[in-house]
Amino acid sequence: MRRLTPGLALGALGALLCAALPAHAAQSGPAHRVSYGTKSPYAPRQNPHGYQRPPAGFAPVFTESASRHGSRAATDGEDADLILALWDEAEAQGQLTRKGRRFGPEVRALQAAMAKVGYGNLSGRGKQEMRDTAVRTRHRLPSLFAKIAGTGEKIDVVSSGQRRAVDSADEYAGALAAADPALKPLIGPTRTDKDLLYFHKAAGGAAYRDYVDNDQRLKDTLTGITGRPRTREAARGVLGGLFQDSFVAGITDQVGAAQAVYNLYAIAPAMTEESPGGRGWGMERYISREDAAWFGYLSDTEDFYEKGPGFAGSDITYEMAGVLLDDFFRQAEAKRAGTTGLGAELRFTHAEEVIPLAALMGLPGSTKPVTPDRPYTYAGNPWRGASVAPLGANIQWDVFQKGDRYLVRMLYNEKETAFKPGCHPVAQGSTFYDLNELERCFDRT
C-alpha cells in the first residue's frame, strides 16, 4: 500500500466519484437517500396490491425487462488505500480526533469484506435484490408464468457480459426456477450481447465516448460546479471530523481526500450482509448529512451531464440507447406477430445503459435538460440518481392480449408509469397503452 503524507496531493481521488456504492436508507434515514446517487440500494417504488387491473378480457402473454445489476462491492480498493494512508500518518503523529480513532479499523474491516466478495462483484445484498425482484415479477403475473410452464415457451436471459450483470441474471433466473420448478428447463443459459447491454463501450457508443473525453463545454461545466466554495467547505468538514486541524491544513488535496471518505460512506450499506452481525458498518458517523448531500450532488451532477438529459439541444448522452428501446419494441411486436417462442425476455445491464434509456424514453425525472448558463441544480431540476437508476433499477413492459389487440403496461422500478407525453393510454388515468399507439408516439410506424 502506498503511504501518503499530508503534503502529498491526492488528485487521483477526484476521478473516483463513480466508485461509490449506496448507504442504507433504513439505517441512515430517508434524508440520506438522495446523497447516494445512482448507487442507492434498490427498493420497489409501489405496493403491488395497488397495480391497476388490465381492461376486461385482456390476459398477460409476455413480459420483458432491462435491469441494472444489484448492489456490489466497489470496483477497487483505492479509496480505502488512500484515506488509510493518511489515517496511518495521522495516527503516527497523534493527530486523530476521538471519532477518527475508530475510523481506520472500521475502514480496514470494510475493505477486507469487499476484497473477499471481490471488487466489482455482487454483494449479498445485491444477490437478494435480484432474487426478490424475480419473485415479485412472478407474483405480479401468475397466469403468464403458468402459461409459460404449460406451453413450454422459453425465457431468454441476456446480459452485458460483465460479471456483476451475469451474476445478477443468474440470481434472478435461479429465483424464478426455485419459485416454480416447471420453469427451470425453459430458462435459457445467460447469453451475452454487448452491443445491446453495454453499448456505451461498444461501437455504437463511439460518439458518446468522444463527448465524455473531449467536450470542452462538459469539462468547463463540471469543473465550475465542483470548484464552488461549498465543495472545499464540505471537504474541511469531513476531514475535520477525523483529523486535527493542523493535520487537515497540510493535506494538499482536501477535496479528493474527503471524496474518498464519502465513497466509503456510500458503499457501506451495499455490503451490509457482510458486516459484523449484518448490522451495517456505521460509516454515516463520519460524514454529516449536509456534507454527504453536497458530495452526492456532485456525483449526481456528473451522471446528469455524462449519462442523463445533459445539455439542451443535444442527445449525445442518450441517443445510443435507441438500440435497447428498439429491442423492447421488437420483442413486443414479435409476440403480436406470433413469430417468437418466448414468454419473457430478461436483460441485465448497468447504470450507463439505464440512465440514457430513461432519458430517451422520457421517464419521470429524466425529461429536463439544462443550458450552460443555467446549470443542473437540485432546486431547478427533478433529476436524482437515486430515483432514476439505483442499484437494481429496472424498466419492465408487460404485454396483454385480447383477440388481435395488444396492450402494454410499463413499470419503472416496479411502479406503474405512464409513457411519455403524447402517448395516449386506452382510457384517461389508465397505465395500459395499445401497442399500435406506442408505435405511433415513438415514431416506429
Legend entry - Selected residue (criterion: nearest to the chain's Cα centre (by Cα)) from residues of the range 183-192 that are open to solvent by 50 Å² or more (accessible area, probe 1.4 Å) and under 24 Å from Gly152 (Cβ atoms): Arg191
Inset, instruction - Can you run down the residue pairs with Cβ atoms below 8 Å, 6 or more apart or on separate chains, where the first is in the range 83-94 and touching a residue at least 24 places away in the same chain (Cβ under 8 Å) and the partner is open to solvent by 10 Å² or more (accessible area, probe 1.4 Å) and in a helix (DSSP H, G or I)? - result: Leu84/Arg108; Leu84/Gln111
Legend entry - Single unsatisfied condition, Gly104 versus (1) open to solvent by less than 50 Å² (accessible area, probe 1.4 Å); (2) over 22 Å from Leu411 (Cα atoms); (3) touching a residue at least 60 places away in the same chain (Cβ under 8 Å); (4) more than 27 Å from the chain's Cα centre (by Cα): (3)
Inset, instruction - Could you tell me which residue of the range 237-255 is least open to solvent (accessible area, probe 1.4 Å), considering only residues that are hydrophobic (A, V, I, L, M, F, W, C) and over 11 Å from Leu86 (Cβ atoms)? - result: Val238
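Residue-by-condition table, conditions (1) farther than 22 Å from Gly277 by Cβ; (2) hydroxyl-bearing (Ser, Thr, Tyr); (3) in a helix (DSSP H, G or I); (4) open to solvent by less than 10 Å² (accessible area, probe 1.4 Å):
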| site | (1), (2), (3), (4) |
| --- | --- |
| Pro55 | yes, no, no, no |
| Pro60 | yes, no, no, no |
| Ser65 | yes, yes, no, yes |
| Gly70 | no, no, no, yes |
| Asp81 | yes, no, yes, no |
| Gln111 | no, no, yes, no |
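Residue-wise test of (1) among the aliphatic types (A, V, I, L, M); (2) part of a helix (DSSP H, G or I); (3) in contact with a His (Cβ under 7 Å, 6 or more places away or on another chain); (4) surrounded by 21 or more Cβ atoms within 10 Å (Cβ to Cβ).
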{"site": "Lys127", "(1), (2), (3), (4)": "no, yes, no, yes"}
{"site": "Asp132", "(1), (2), (3), (4)": "no, yes, no, no"}
{"site": "Arg138", "(1), (2), (3), (4)": "no, yes, no, no"}
{"site": "Gly161", "(1), (2), (3), (4)": "no, no, no, no"}
Inset, instruction - State all residues of the range 289-320 that are under 14 Å from Ala351 (Cα atoms), part of a helix (DSSP H, G or I) and of a type outside the set (A, V, I, L, M); if no residue qualifies, say none. - result: Ser299, Asp300, Glu302, Asp303, Phe304, Tyr305, Glu306, Lys307
Legend entry - Single match in Val323, Val255 (criterion: assigned to a helix (DSSP H, G or I), among the β-branched types (Val, Ile, Thr), touching an Asp or Glu at 6+ places or on another chain (Cβ under 7 Å) and under 26 Å from Arg384 (Cβ atoms)): Val323
Inset, instruction - Return the only residue of Ala165, Ala169, Ala149 being of a type outside the set (Lys, Arg), surrounded by 17 or more Cβ atoms within 10 Å (Cβ to Cβ), part of a helix (DSSP H, G or I) and more than 17 Å from the chain's Cα centre (by Cα). - result: Ala149
Legend entry - Residue count for the range 206-236, restricted to those that are open to solvent by 40 Å² or more (accessible area, probe 1.4 Å), within 25 Å of Arg289 (Cα to Cα) and in a helix (DSSP H, G or I): 8
Inset, instruction - Might you let me know whether the range 174-189 holds any residue that is in contact (Cβ under 8 Å) with a residue 24 or more places away in the chain, touching a Ser or Thr at 6+ places or on another chain (Cβ under 7 Å) and assigned to a helix (DSSP H, G or I)? - result: no
Legend entry - Matching residues in the range 273-310 - criterion: being of a type in the set (Val, Ile, Thr) and either under 16 Å from the mean Cα position of the chain (by Cα) or modelled with pLDDT under 95 (or both): Thr301
Inset, instruction - Output the residues belonging to the range 237-252 that are part of a helix (DSSP H, G or I), farther than 20 Å from Glu284 by Cα and small (Gly, Ala, Ser). - result: Ser246, Ala249
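The values are calculated or read from the model by the stated rules, or taken from the named source; none is laboratory data. What you see is a predicted model; the values in this text were computed from it and never measured. When we count neighbours, we look across all protein chains shown, and the Cβ atoms used for this are built from the backbone with ideal geometry, even at glycine. Side chains included, ligands, DNA and RNA excluded: accessible areas come from the protein's heavy atoms. Shrake-Rupley method; radii C 1.70, N 1.55, O 1.52, S 1.80 Å.
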